[in-house]
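Asks: Below you will find the structure I want to go over with you.
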Amino acid sequence: MALKQCGKCSEMVEEAKAFCPGCGNAFVEEARREESKFEKMDNTVQLGQTMYNQMLSDMGLNISKGAPVREKRIEIIEPVAATAPAPKKTPVQPPSSRAGGSSKTMWLILGAAVLLLGFIALLAAAVLLYLFWPRIV
């Protein structure tokens, strides 16, 4: 196992390491690339080559040249026998035996009654106004 010395912190590091564990200094220079216009836009995702290939292989596609096509392995899993006890059933009262009925139904009936009474009062006011208008003016 060969060791090399870090240029920043002078720590002895294995030669196979790409970064110094002490200070994080990179021993291998990484190639920089410019971001494209597409990458600079919001809500875009850049997939790495391995992620892209994995996505294609999940869909059953393969674009690499000369690569063998792998068959998808499908395993059939048998269902597990149910050992849990059945849930207890609670008796449900039929709607006719309930004391107050549904709350929504009650509000609908009440709203319809108020609307009908308001319409009758408006109609009565219109009739009275029609009958007594010549006497008022």
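The values are calculated or read from the model by the stated rules, or taken from the named source; none is laboratory data. Computed from a prediction, not measured in an experiment: that's the story for all the values here. Please note: Cβ atoms are built from the backbone with ideal geometry, for glycine as well, and neighbour counts cover all protein chains shown. In case anyone asks, the SASA skips ligands and DNA or RNA and just uses the protein heavy atoms, side chains included. Shrake-Rupley method; radii C 1.70, N 1.55, O 1.52, S 1.80 Å.
Asks: Provide the solvent-accessible area of E14, counting protein heavy atoms only and rolling a 1.4 Å probe, rounded to the nearest 10 Å².
Replies: 80 Å²
Asks: Nearest 0.05, what FRET efficiency do K89 and A113 give at R0 = 30 Å with Cβ-Cβ as r? The partial results should precede the final answer.
Replies: On the way: r = 38 Å, r/R0 = 1.26.
E(calc), rounded to 0.05, equals 0.20.
Asks: Another question about this same structure. Along segment 50-58, what does the Karplus equation 6.51 cos²θ - 1.76 cosθ + 1.60 (θ = phi - 60°) give for ³J(HN,Hα), rounded to whole Hz, x for Gly and Pro?
Replies: The phi angles translate into 5, 5, 5, 5, 5, 4, 5, 5, 5 Hz.
Asks: Considering amide H positions built from the backbone, and no H for Pro or chain starts, which residues 5 or more places from F19, or on another chain, come under 5 Å of its amide H?
Replies: Amide H neighbours of F19, under 5 Å, 5+ apart: F27.
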